[in-house]
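What follows is one structure encoded as structure tokens, with my remarks underneath.
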Amino acid sequence: MDRSAEEESLLNSSSLNSSKKGEKGTNFLTSKLKDLNCNSSKCLQVFKSFFPILVWLPKYEWNWLQCDLVAGLTVGLTVVPQGLAYAQIAGLPVQFGLYSSFMGGFIYCIFGTSKDVTLGPTAIMSLLVYTYGNRDPVQAVLLTLIAGLIQFAMGIFRLGFIMRFVSVPVISGFTSAAAITIGLGQLKHIFGVKTTSQSFFPQLAETLKSLKNANVWDIVMGLSCIICLTLLRYIRQWIAPTSPEDSMCQKISKKFIWLISIARNAIVVISAGLVAYAVHTQDSVTKCKHKDCLTLTGEIEEGLPPFEAPAFQETNGNSTVHAGELLGRMGAGLFVVPFMGLLESIAIGKSFASKNGYTLNINQDMIAIGFSNIMSSFVSSYCVTGSFSRTAINAQSNVKTPAGGLFTGALVLLSLAVLTPSFYFIPKSALAAVIICAVVYMIDFKTVITLWKVKRIDLLPLLATFFVCFWQIPYGILAGIAVSMIIMLYPVTFPTIDQRLAYNDSSESVLVITPKQGIHYPSAEYVTDSIRDIVHERISEGSLDYVVVDASNLTNLDYTCVSSIVELAEELAKIDVSVSMASLNVQLLDIIHSADRDAVITHVSSVSEFLE
């Protein structure tokens, strides 16, 4: 090759190498860009998972606004009287019920994953706040902050699976006991008497003893409100559903009746307030205002609550109670309140998500509920959670997105800003009637009947929770969980063992033992003792040559179980009874080989092969 040809060859080779290097560089850059885009997409998905509003807001349609507005205002008409009433359960001034009714809707709109759930005060949460807040606003608000932080942390660390350890019977027993406790606790307001006891049975006894001093005005008002609330609840069921053949007038009338039924709490409370105003402003009854006439809500703090951090101490007279003492007073409430708040809200959310065809992100909802409580504590709120009655109203109002909570919160803020002076004349018996009519439907007869028909043993945790909750709520919940765990662990600790006597081709007797469930360390002693008793019983009836343990139902064995089986095999070998295991999977075979150093246990692929 001459010099010019050689140079041309080198030049072409150099160009080819440069081309390949450029191509590699381009491919590398393209790959990196793809990875960057992929990582950006993942980051965006993670970001959206923490802010679900970014998922539905870009898809928001203007025709949804009307549905969300109507639903939000309808729920607002319910939450205002309920908030006033539930504060009465919590043992706090009535304005705290309204303080607890607006922030949850604002925060859940951003972080929540259910279009139906509405956050605010509930009967059960109010009872828990009464129990652990000690009727102290400072302690109740601080409890809200602590509960919110715990709930938020549980959501961040994906601890939603903890909710699975509370069974349906436990929830049913707690709900029914709480409903009865709340309902009977309101009798003192219906009868217009005062009590000093906080526990259920002493308070009920004190109420019954005070009936001789009952206020007739309060009794008449309370019973009248209960009758009206009941009639308004069922009035829409007496009207035929809307049909295409209906005239415009019929459609409007049916819609009006539906609205009257939904807003019955507001209608009854407003009406009762007007009656009380009329009665208490008459000169003829001025002298008996505080004795014979209606017991009123009285003066409440006007205006919006200040936005400020919860107080970590309070002053009582000349002494100061610091945060440590306040937390100590809360006791078990630091765990019961956040846990039950999550349980109540998530149970409601899952129910409506399943009914309406969407998925609830449990861990994200825990974050939403926790952050709602954190922010609510800055506006003097006590603990909030999902409300079943208001969520049902929200769903029935055809709400489209969580934005309905914005309109509910706005209506509550308007009430606080404008209407608080008029709350003075609301009778306490009317608020008690609202509570009684709300909680009476929480008593869960349906679950009791279903369990009686399906599996009666599951009534035990329900009854344990139900009765113990009348003594102490946390003990009732723990009692129900304990009974549930015992029922669940009983088959694990005492598994069913089948036995049959067979003979192989050599006419040797073979005892086939088949555990029907898995064997775990709690059942190791029971299983080996049972096999030992069966073997000795068979030997007493005649000769026995082999024991075969059929492992076809076993998926795993821990060290305690393996050690017990090996010890049993060594013991039976001394009386000339051989132990074999059949149908072992690869994992179990490795475990047996590792533990059975002296190879006292033989292995066969199946029982039928051993009998051949």
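The values are calculated or read from the model by the stated rules, or taken from the named source; none is laboratory data. All figures in this text were calculated on a predicted structure; none of them were measured in a lab. Here the Cβ positions follow ideal geometry from the backbone for every residue, glycine too, while neighbour counts run over all protein chains shown.
With the requirement that a residue be surrounded by fewer than 20 Cβ atoms within 10 Å (Cβ to Cβ) and not in a helix (DSSP H, G or I), what does the stretch 434-466 give you?
I443, K455
Examine the stretch 508-524 for a residue that is over 28 Å from A464 (Cβ atoms), out of contact with any helix residue (DSSP H, G or I) (no Cβ under 6 Å at 6 or more places or on another chain) and of a type in the set (G, A, S), and state whether such a residue exists.
The answer is yes; a qualifying residue exists.
For the stretch 101-113, does any single residue satisfy the condition of being crowded, with 23+ Cβ neighbours inside 10 Å, assigned to a helix (DSSP H, G or I) and aromatic (F, W, Y)?
Yes - at least one qualifying residue is present in the stretch 101-113.
In the stretch 478-490, is there at least one residue being in a helix (DSSP H, G or I), in the same structural domain as L274 (by TED's automatic domain parsing) and among the small types (G, A, S)?
So far as the stretch 478-490 goes, no, none of its residues is in a helix (DSSP H, G or I), in the same structural domain as L274 (by TED's automatic domain parsing) and among the small types (G, A, S).
Exactly one condition in (1) within 21 Å of I426 (Cα to Cα); (2) crowded, with 24+ Cβ neighbours inside 10 Å is not met by L77; state its number.
Condition (2) is where L77 drops out.
Quick one: would you say L611 is touching a strand residue (DSSP E or B) at 6+ places or on another chain (Cβ under 8 Å), over 17 Å from D498 (Cβ atoms) and of a type in the set (A, V, I, L, M)?
Values: touching a strand residue (DSSP E or B) at 6+ places or on another chain (Cβ under 8 Å): yes; over 17 Å from D498 (Cβ atoms): no; of a type in the set (A, V, I, L, M): yes.
No.
Looking at this structure, is S563 of a type in the set (G, A, S), assigned to a helix (DSSP H, G or I) and not assigned by TED's automatic domain parsing to the domain that holds Q203? If you could, list the steps in order and put the result at the bottom.
Details: of a type in the set (G, A, S): yes; assigned to a helix (DSSP H, G or I): yes; not assigned by TED's automatic domain parsing to the domain that holds Q203: yes.
It is true that S563 is of a type in the set (G, A, S), assigned to a helix (DSSP H, G or I) and not assigned by TED's automatic domain parsing to the domain that holds Q203.
Please determine, by comparing only the residues of the stretch 499-553 that are of a type in the set (D, E, K, R) and farther than 27 Å from Q587 by Cβ, which one is surrounded by the most Cβ atoms within 10 Å (Cβ to Cβ).
So the residue we want is R538.
Quick test of your reading of the structure: F388 fulfils all but one of (1) surrounded by fewer than 21 Cβ atoms within 10 Å (Cβ to Cβ); (2) within 13 Å of the chain's Cα centre (by Cα). Name the failing condition by number.
(1)
Being of a type outside the set (D, E) and either outside the structural domain of C225 (by TED's automatic domain parsing) or closer than 30 Å to P58 by Cα (or both): is that true of V117 here?
yes
Would you mind stating whether Q151 is touching a residue at least 60 places away in the same chain (Cβ under 8 Å) and in contact with a strand residue (DSSP E or B) (Cβ under 9 Å, 6 or more places away or on another chain)?
No; evaluated as a whole, the condition is false for this residue.
Looking at (1) surrounded by 14 or more Cβ atoms within 10 Å (Cβ to Cβ); (2) within 22 Å of L489 (Cα to Cα); (3) touching a Gly at 6+ places or on another chain (Cβ under 9 Å), which is the only condition N556 fails?
(1)
Given the structure, is A179 part of a helix (DSSP H, G or I) and at pLDDT 90 or above?
Answer is yes for this residue.
So, in the stretch 217-235, exactly how many residues are of a type outside the set (S, T, Y) and buried (at least 17 other Cβ atoms within 10 Å of the Cβ)? Outline the logic, then answer.
Going residue by residue through the stretch 217-235, those that are of a type outside the set (S, T, Y) are 217-223, 225-229, 231-233, 235.
Within this subset, residues satisfying the condition of being buried (at least 17 other Cβ atoms within 10 Å of the Cβ) are 217-218, 221-222, 225-226, 228-229, 232.
The qualifying residues number 9.
Need the failing condition index for G317 against (1) surrounded by 16 or more Cβ atoms within 10 Å (Cβ to Cβ); (2) more than 13 Å from the chain's Cα centre (by Cα); (3) small (G, A, S), just the number.
The number of the failed condition is (1).
Just one of (1) among the hydrophobic types (A, V, I, L, M, F, W, C); (2) buried (at least 24 other Cβ atoms within 10 Å of the Cβ); (3) free of Cβ contacts under 8 Å to residues at least 12 places away in the same chain trips up F157, so point out which.
(2)
Is it true that some residue in the stretch 543-560 is assigned to a helix (DSSP H, G or I) and not assigned by TED's automatic domain parsing to the domain that holds L127?
Yes, because at least one residue in the stretch 543-560 is assigned to a helix (DSSP H, G or I) and not assigned by TED's automatic domain parsing to the domain that holds L127.
Within the stretch 145-189, which residues are among the basic types (K, R) and in contact with a helix residue (DSSP H, G or I) (Cβ under 7 Å, 6 or more places away or on another chain)?
Pass one, the stretch 145-189, residues among the basic types (K, R): 158, 164, 188.
If the condition is that a residue be among the basic types (K, R) and in contact with a helix residue (DSSP H, G or I) (Cβ under 7 Å, 6 or more places away or on another chain), then R158, K188 are the ones that fit.
Considering every residue within the stretch 448-458, establish whether at least one is free of Cβ contacts under 8 Å to residues at least 24 places away in the same chain, under 22 Å from the mean Cα position of the chain (by Cα) and more than 30 Å from G112 (Cα to Cα).
The answer is yes, given that some residue of the stretch 448-458 is free of Cβ contacts under 8 Å to residues at least 24 places away in the same chain, under 22 Å from the mean Cα position of the chain (by Cα) and more than 30 Å from G112 (Cα to Cα).
Taking I270, is it within 32 Å of the chain's Cα centre (by Cα), under 30 Å from R236 (Cβ atoms), assigned to a helix (DSSP H, G or I) and at pLDDT 90 or above?
No; evaluated as a whole, the condition is false for this residue.
Restricting attention to the stretch 189-233, report how many residues are more than 23 Å from L274 (Cβ to Cβ), without any contact (Cβ under 8 Å) to a residue 24 or more places away in the chain and not in a loop (DSSP other than H, G, I, E, B).
Residues flagged as more than 23 Å from L274 (Cβ to Cβ), without any contact (Cβ under 8 Å) to a residue 24 or more places away in the chain and not in a loop (DSSP other than H, G, I, E, B) within the stretch 189-233 amount to 12.
Can you tell me which residue within the stretch 467-478, out of those that are aromatic (F, W, Y) and modelled with pLDDT under 90, is surrounded by the fewest Cβ atoms within 10 Å (Cβ to Cβ)?
It comes out as W471.
Which one is surrounded by the most Cβ atoms within 10 Å (Cβ to Cβ) among residues in the stretch 165-176 that are modelled with pLDDT under 90 and not small (G, A, S)?
T175
Examine the stretch 578-597 for a residue that is hydrophobic (A, V, I, L, M, F, W, C), in contact with a Ser or Thr (Cβ under 9 Å, 6 or more places away or on another chain), surrounded by fewer than 18 Cβ atoms within 10 Å (Cβ to Cβ) and farther than 17 Å from R500 by Cβ, and state whether such a residue exists.
yes
Any idea which residue in the stretch 320-361 is farthest from the chain's Cα centre (by Cα), counting only those that are of a type in the set (V, I, T) and not in a strand (DSSP E or B)? Give the derivation first.
Restricting attention to the stretch 320-361, the residues satisfying the condition of being of a type in the set (V, I, T) are 320-321, 336-337, 346, 348, 359.
From what is left, the residues that are not in a strand (DSSP E or B) are 336-337, 346, 348, 359.
Values: V336: 12, V337: 11, I346: 4, I348: 7, T359: 16 Å.
That would be T359.
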